[in-house]
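Worksheet: one structure, shown below.
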Amino acid sequence: MSSNPEFSIAIALLKYLGFLIAITMYQAGIAIMAKRKGDNSFQTTQLATFNPIPHIEIVGTIIFPFISILANFPFVLGWPKQFQIDTRYFKKPKLDVNIIYLSGVSINFLISIICMITLRFFLGGSIMPSPTLDLSTPEKLAQLMLSTIGLTNMVLGALFLLPLPGYAGWNILINNVSYNTARKLQEKAMIISIVGMIVIIFGFLNTFFNIFMKLFLIISGY
C-alpha cells in the first residue's frame, strides 16, 4: 500500500466494501433461491436479504478479511455466516441444491460483468489503486469503486467455487457424491479447511485466481 496513511486507509476500506458486497450478495442469493425452492426455515428467511448485517460472522467477515487486507493479499479472504439449507420440501432435492449454491456464485459473476461493462463503455476502463491516483474527481472515484467491487466479486466468485468447507463448491461436491463419500469428506472437513486456507494463503492457487483477475482486467479495459 501507499506510504500515505489516508490513502492506505481509504483503499483498505474500499477493498472491504467490495468484499462485504460480494459475500452479502452471494449469501443472499443462496438464501433467496432456497426460499423459492421451499426452505422456509427461520435462518434461511433471516438471510434472504441484501442487508449485510445478518450475513456478518465475526471471524470470517471482519477479523480474517482485515488481516488479509493488512497483509496485502492479492484479494480479501473471508466468508459470511454459515447456515444449513432445509431440503425437506424441495421437489427435486439434488437438482435444487445444485441450483441454489450456483445461484450465489452466479450473482458474484453477474455483479462483476455489470462492473466490467460499465467501466469499459462508460468510464474509460478499470483502474487499480496507485499513490499517484487522483481521486478528487467523481469519475475517477467511480472508476476505482467499480474496479474494486467488480474485481472482488470476480475473484470471490472463483473462491466460492472451490471445494472447501463452507463454500458453494463444497456443498455442490457433497451433494453429488455418494452418501459414504460425503460422510467421509464431512468427517475430514476441518482438516480440509485448514489445508485449503494454507494453500490459498501461501499462493499455491495464485495461477487459478490470476486467470479470473486477468479476465476481469482485459474485459473491463484496464
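The values are calculated or read from the model by the stated rules, or taken from the named source; none is laboratory data. Owing to the predicted nature of the structure, the values given are computational and were not obtained by experimental measurement. With ideal geometry, Cβ positions are generated from the backbone for all residues, glycine too; neighbour counts draw on all protein chains shown. What goes into the accessible areas is simple: the full protein's heavy atoms, side chains included, and nothing from ligands, DNA or RNA. Shrake-Rupley method; radii C 1.70, N 1.55, O 1.52, S 1.80 Å.
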Task: Residue with peak Gaussian network fluctuation, the chain [Cα springs, cutoff 10 Å], from LEU14, LEU135, LEU151 - done: LEU135
TODO: Would you kindly compute the Cα radius of gyration of the range 66-116 and its largest Cα-Cα separation (Dmax), both in Å?
DONE: 15.7, 46
- [ ] Calculate the tail of P(r) for the range 107-222: the fraction of all Cα-Cα distances greater than 19 Å, expressed in %.
- [x] 56 percent
TODO: Classify the chain as rounded, prolate or oblate, taking a ≥ b ≥ c as the square roots of the eigenvalues of its Cα gyration tensor: rounded when a/c is under 1.5, otherwise prolate if a/b is larger than b/c and oblate if not.
DONE: prolate
- [ ] Output ³J(HN,Hα) for the range 91-96: one whole-Hz value per residue in order, computed from phi by the Karplus curve 6.51 cos²θ - 1.76 cosθ + 1.60 with θ = phi - 60°, and x for Gly and Pro.
- [x] 6, 10, x, 5, 5, 5
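With the Cα gyration tensor of the range 35-131 in hand, give its eigenvalues times 5 under a square root as the equivalent ellipsoid semi-axes, listed largest first in whole angstrom.
Values: eigenvalues 195, 82, 25 Å².
In descending order the semi-axes read 31, 20, 11 Å.
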Open item on the list: Based on alpha-carbon centroids, what's the gap between the range 40-64 and the range 118-177 in Å, whole number please?
Closed with: 20 Å
Open item on the list: Cut-off under 25 Å on the C-alpha distance; same-chain residues fewer than 8 positions from LYS92 excluded. Which lysines are left, in chain and number order?
Closed with: LYS35, LYS37, LYS184
Task: Simple Cβ-charge dipole of the chain, Lys/Arg +1 and Asp/Glu -1, about Cα centre, in debye nearest 20 - done: 780 debye
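Which percent of the accessible heavy-atom area of the range 159-222 goes to carbon and sulfur, probe 1.4 angstrom? Present the calculation step by step, with values, prior to reporting the outcome.
Details: 2710 of 3870 Å².
Carbon with sulfur: 70 percent of the solvent-accessible area.
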Task: For the chain, accessible area per residue (1.4 Å probe, heavy atoms of protein chains only), Å² - done: 53 Å²
TODO: Using the Cα centre as the reference, give the magnitude of the dipole from point charges on the C-beta atoms of the range 99-203 (Lys, Arg: +1; Asp, Glu: -1; all else neutral), rounded to the nearest 20 debye.
DONE: 320 debye
TODO: Run the quick spin-label model on ARG183 and ASN98: label points 7 Å from Cα toward the beta carbon, then report their separation in nm to one decimal.
DONE: 2.4 nm
TODO: Would you calculate the volume per residue, in Å³, of the smallest convex hull containing every Cα atom of the range 89-151?
DONE: 101 Å³
Open item on the list: Among ASN171, ILE69, PRO131, which residue has its Cα furthest toward the positive end of the charge dipole of the chain, with +1 on Lys/Arg Cβ and -1 on Asp/Glu Cβ?
Closed with: ASN171
Open item on the list: Quick check for me: using +1 on Lys/Arg Cβ and -1 on Asp/Glu Cβ, what's the dipole size of the range 46-162 about its Cα centre, in debye to the nearest 20?
Closed with: 420 debye
Task: Between 0 and 90°, nearest 10: helix 189-201 axis offset from the chain longest Cα axis - done: 20 degrees
Task: Per-residue ³J(HN,Hα) for the range 53-61, Karplus 6.51 cos²θ - 1.76 cosθ + 1.60, θ = phi - 60°, Hz, x for Gly and Pro - done: 4, x, 8, 7, 10, 3, 6, x, 9
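Quote the convex hull volume per residue of the range 5-70, based on C-alpha atoms, as a whole number of Å³.
Values: hull volume 4.8 nm³, N = 66.
Convex hull of Cα atoms, per residue: 72 Å³.
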- [ ] Specify the angular offset, from 0 to 90 degrees and rounded to the nearest 10, of the alpha carbon long axis of helix 138-160 from the longest principal axis of the alpha carbons in the chain.
- [x] 30 degrees
